[in-house]
1. Distance cut-off 18 Å, Cα to Cα: go down the list Lys483/Lys666; Lys588/Lys617; Lys624/Lys656; Lys483/Lys578; Lys617/Lys697 and report the pairs above it.
2. Between Glu194 and Ala65, how many nm apart are label points set 7 Å from Cα along the C-beta direction?
3. For Asn639 and Asp552 in one chain, what is 0.36 nm times their gap in residues minus the Cα-Cα distance, to one decimal in nm?
4. Starting from the Cα of Ala221, step 7 Å along the direction of its Cβ; do the same at Asp395; then give the gap between the two resulting points in nm.
5. Report, to the nearest 10°, how far helix 224-245 tilts away from the longest principal axis of the Cα atoms in the chain, using its own Cα long axis and a range of 0 to 90°.
6. Report the Cys residues of the chain lacking a disulfide-compatible partner, meaning no second Cys Cβ under 4.7 Å from their Cβ.
7. Run the numbers on the chain and let me know its relative contact order in percent, using alpha-carbon pairs under 8 Å that are six or more apart.
8. What FRET efficiency would be calculated for the residue pair Ala402, Asp619, taking the C-beta separation as r and a Förster radius of 56 Å, to the nearest 0.05?
Amino acid sequence: MARRIHRRIKYVVWIGLTLIPSAPLNTARATDPTRPVAEAPPPSVVLITLDTVRADHLGCYGSAAAKTPAVDGLAHEAVRFANAYTVVPITLPSHAVILTGTYPMWNGVRDFTSPGLPAGIPTLAEMLKRNGYATAAFVSAYAVNSVWGLNRGFDLYDDQMDLGGRSGHDLMLATRPGNLTTDRMIAWLDAHSERPFFIWLHLYDAHSPYHSPEPYRSQHAGQPYDAAISFDDAQVGRVLGALRAKRLYEQTLVIVTSDHGESLGEHGEAEHGFFVYNATLRVPLIVKWPGRKHDGAVVVQEPVSTIDISSTIAQAAGIPASGTRSFQGKALTRAIEPHSASPNSVQPLYAESYYARDSFGWHELRAVITEQYKYIDAPAPEVYDLKHDPQEVSDLFSEHRALAASLRADLVDVERRFENRANRTERAQLDPATVEKLKSLGYVAYQASTTDADVPSGGADPKEEIGTFNQILHADDLRRAGKYAEAAQLLGDLLRREPRLYILPFEVGENDLAWGKPREAIGKFRAALQLNPLFDQAALGLGRAYFEIGQDSEAANALEIALGLNPRNFLARLALAKVYFRENDLDKAESALAQVANEQPGFAEGHADYGVVLARKGDYAEAKSELERGAALGYRDANSLNFLGVARAELGETDKAIEAYQEALKLDPQFAAANLNLALEYRRLGNASEASRYYHKLCESNERLCQQYAAQFADK
């Protein structure tokens, strides 16, 4: 049987790869050997990454409950790698590996506290574009937004999340449903199929909190993760159908994989990113070679890595080896060729997670994986026999110390060969809006207080801290749900157990601030800064708390500290502008808000506040432009709408001014300024009844203004 399989695999390699780059059969050349033969174009490529999909929840990987007909059908016509592993179980660094073919220690992207992909790391898309490909990416989450640098080489990088009527003030807007992303991808394909193309489609629905519409939810009642996978499978089916409809399917290289899996409670981990067990490392990998038809899937058991995907695509596209020297993986064709050497000669795979270290100050985790064993390097090292214990229940380190030492040497060798010191020291300075978006996706992206990225933290073993990690995430969920007392109790218990963990007093401060207790929050933010003096978001929180209680001088000091620690902290700059505005220092407020609006063109609140300041200074034309831009981006605020009315009125747009005032009153019927402005506007127009109505509404809410304008409405 083994020999028959090997012969069949060899046939796949010969037909699927060797013949594709060659010239097609040309009957004219057969009769006239002097006529040139046109070379066959390289195959188009579609790479689909199903975010957070673990292999064993797909039908083709053995799940009896899965409803994944599209992926299963593709696997039946393709090569399925039974033991494929991601390098990092976190969305951003995993995709950096896939799209550059380089290890994290080389490309510098280890988690969300990394600065993004450096300009000096070549990408697969850049190589394909140079070789004549049309390139496009369609992504579904902020975790792979262009801000991280993955967009290099793509003619189109579609990462814009549709507001869908949600407020631009909502910083949680960080995802797009897979059907909408697929719509955009298919529309692009319809217009760009005349030459070879490279499409990357990223679907995010299977990431917590596992979104899916009907009928998928009902079909997987009580199993939202599987429902989301089924929904994404339907999008894969739409893509394959679009390729078939355009007669592109047979000659297109199609790869379906995932950036990481999902821990559904294994080892105490609720989701992913923290540990490096198989629940989050083992991913699906299905490769349909162009020009190859066969009945039944070919299954490869040899362990392979997602770092090999770029090399595989480049080889199929005919890019010469001289153009792919940066790749550190190997084309997957090696795994489907018969081996003359023994299976023990297969090189071990590398995996890591620096999440616990970089965001909490605990220890990093690194692993090497062979056909039978996994070694995890940690303060308490672990060894697992994957063939006999695929769930990694029994740690065999004490019985296999010599094996552990050998595997650790392999790990160190990989790190030594692929380290890039130029990308090891810089840490990202994330603005708070980015942090909030990442938190909405389930990632903590703060920076631990260690400043030397070259020195191992020596911190606690993540195995000992998983409970603390899970409770921090739960407390954050409670705060978002408005359950402040429950969150406070949970965080208080954690703080008593972990008094040196800088995130905990910060989280307590954030909860107190949301709870309407700014005075209590001040002490907590100060405690967080004492534990981590570089923590700019604690300084931002401190400034916001002081602002809430009217201590403007202290608020300004704290916000200036936040900006000194992180000039990218545009929310600190926005908050500082609010301090200036309240102090009537309009010049400083204008300067700060102009910078925010310029640097963050998609940030609605920044434009709205800038417009308010401009209106206060009498620059009504610019004020109108900024206020309307904020409104177009989804910002809904009574004060900004009132000032929009003022700007329009001063520019002679009476009807539109009245419309803006009325919109402000829909949000706040007792808003005195809008009622007064409407009363004055209708008085000027000679509409006595409406002027009187809005004047009386003003008097109901603001006695001082009522008396101040009484003489003007004495006859009303």
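1. Lys483/Lys666; Lys483/Lys578; Lys617/Lys697
2. Result: 5.0 nm between the two label points.
3. 29.3 nm
4. Output for this residue pair reads 4.1 nm.
5. Taking the Cα atoms of the chain, the angle to 224-245 is about 70 degrees.
6. Cys60
7. Result for the chain is 13 percent.
8. 0.15
Bear in mind these aren't lab numbers, they're just calculated from the coordinates by the rules spelled out. Computed from a prediction, not measured in an experiment: that's the story for all the values here. Because the Cβ atoms are built from the backbone with ideal geometry, glycine has one as well, and the counts that use them run over all protein chains shown.
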